[in-house]
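Bear in mind that the values in this text are calculations on the coordinates, not laboratory data. Not measured: the values here are computed from a predicted model. Positions of Cβ are backbone-derived with ideal geometry, glycine not excepted, and every protein chain shown enters the neighbour counts.
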Amino acid sequence: MQRQRGIDGHRRCELRVQARNSTQIEWQVMKIRMLFFAVLRDITGRGEEVLDLPDGTRAGDVWQRLRDEHAALRDYTQPPMIAVNESYVRPDEPLHDGDELAFIPPVAGG
C-alpha cells in the first residue's frame, strides 16, 4: 500500500494488488468537499474540508466518521438533514467524485 499526501495535505492511500493474470486492481479515491454549518462548524472548528474517500462511500458513512472523530457528536445516532450538491438526500446516498456534502443541523431560535 502506498501512502502519500495530496496537494490539500490530506493523506491518500492507493492499494495495488498483482493478480494471477497480471492485471492490477486499484482502489479508486474520490474527492468531496464537505461544508459545516452552525453547531457542526463550532464542533469541528472549520467551515469546510476536502475529503479523499474510497469509491462507494455513502453520506451516512461520512456522518459516522464525524461521530468517531468528535466526541460531541457521539450521542447523535441519526444524522441531521443531508444535502449533496444542494439537494436533500437520504443517508444511504452514494457519493461521487466532486460532490459537495453538507450536514444541516437543526436550528433553534425564538
Query raised in the report: Ordered by residue, what ³J(HN,Hα) values in Hz, to whole numbers, does the stretch 58-63 give under the Karplus form 6.51 cos²θ - 1.76 cosθ + 1.60, where θ = phi - 60° and Gly and Pro are x?
Result: 10, 4, x, 5, 5, 4
Query - Kirkwood Rh and Cα Rg combined as Rg over Rh, evaluated for the stretch 29-104 - result: 0.92
Report summary line: Here FRET efficiency (C-beta to C-beta, residue 31 to residue 69, R₀ 22 Å, nearest 0.05) is 0.75
